[in-house]
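Visitor: Questions regarding the structure given below will be posed in turn.
Nothing in this text is a laboratory measurement; each read-out follows from the coordinates by a stated rule. In this text, all values refer to a predicted model and were calculated from it rather than measured experimentally. Reconstructed Cβ throughout: ideal geometry from the backbone, glycine too, with neighbour counts over all protein chains shown.
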């Protein structure tokens with residue numbers, strides 16, 4: 001087993017954007033109104049949200065335009081509420097836009113947002129910490145990786161809704177999953193076990209592999225590779241894997257779709273971990 005090295009995703013953003021733009025351009029008018037696994041959001045709402053994400057990226061990192069919250073952010077759930085409000089306001093206003101306008105705007109903004117993120121020196125401090133990974137300060141590679149997961153899982157929501165082929169091959173899925181697993185240190189912070197205890201996390205399929213969560217003296221550590229004697233194991237298909245970590249399955253349904261064995265104390269927190277900003281109350 002080897003501890004996870006930094007996951008560099010900057011060169012994937014532009015081709016990922018091109019992939020999902022191809023999906024949007026192929027949609028029929030009725031496809032834009034299909035429901036998605038993103039709560040009440042339909043396909044058009046998910047597309048509009050990604051436009052907002054890319055516009056904010058371009059404004060902040062290309063132009064230095066940063067709007068501060070209008071109230072104090074005292075903790076994680078305060079930040080979630082602030083972001084939820086921003087997202088809801090944008091999505092509501094964007095329902096005035098036609099699918100064609102959304103596509104034209106995304107085609108214009110996406111490449112610039114990808115370039116702005118790719119220009120960030122990977123090991124300098126990021127402007128924003130990755131809160132779902134419990135990082136108050138992150139390096140830029142981690143921030144860019146967080147943006148990659150954002151772009152990837154929202155395009156996956158659209159693909160899932162319209163029946164488009166998923167991006168589960170290794171080029172796309174391995175960096176997505178390795179970034180996502182960085183939530184586990186926070187998710188297992190209060191889980192006690194003896195040093196050396198391991199949870200095996202295996203994903204089947206061409207983009208899959210084996211990872212492990214290992215208890216060290218100083219806390220939990222995610223590694224790539226198969227532990228010799230795991231205390232517990234979780235085996236998932238790629239669809240279950242991303243939907244579990246991106247709040248598209250509740251813990252009970254996710255558990256029913258996985259194959260698990262071993263120590264329950266090591267299994268249960270995995271299905272409540274979220275690699276996205278979701279209120280801790282709403283993770284249950």
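Visitor: Once each part is reduced to its C-alpha centroid, what is the distance from segment 229-250 to segment 4-68 in angstrom?
Guide: 24
Visitor: Extending each Cα 7 Å along its Cβ direction at residue 263 and residue 2, get the distance between those two points in nm, one decimal.
Guide: Taking the simple label geometry, residue 263 and residue 2 are separated by 2.6 nm.
Visitor: A further question on this structure: At 0.36 nm per residue, and after removing the present C-alpha to C-alpha distance, how many nm does the segment from residue 204 to residue 134 gain when stretched out fully?
Guide: Working it through step by step, the gained length comes to 22.4 nm.
Visitor: Report the residues of segment 190-204 in range of a label on residue 229: point 7 Å along Cα→C-beta, backbone N strictly under 13 Å from it.
Guide: So the set is 196-198.
Visitor: Please work out the FRET efficiency for the pair residue 278 and residue 60, using the Cβ-Cβ distance as r and a Förster radius of 22 Å; give the result to the nearest 0.05.
Guide: Efficiency for this residue pair is about 0.45.
Visitor: So, one more: Subtract the Cα-Cα distance of residue 95 and residue 81 from 0.36 nm times their separation in residues, and report this length gain in nm to one decimal.
Guide: Gain on extension, residue 95 to residue 81, equals 2.9 nm.
Visitor: By the gyration tensor of its Cα atoms, with a ≥ b ≥ c the square roots of the eigenvalues, what is the shape of segment 181-283: rounded for a/c under 1.5, prolate for a/b over b/c, or oblate?
Guide: oblate
Visitor: At 0.36 nm per residue, and after removing the present C-alpha to C-alpha distance, how many nm does the segment from residue 25 to residue 250 gain when stretched out fully?
Guide: 77.9 nm
Visitor: Something else now. To test your reading of the geometry: what angle, between 0 and 90 degrees and rounded to tens, separates the Cα axis of helix 10-25 from the longest principal axis of the chain?
Guide: On a 0 to 90 degree scale, this one is about 60.
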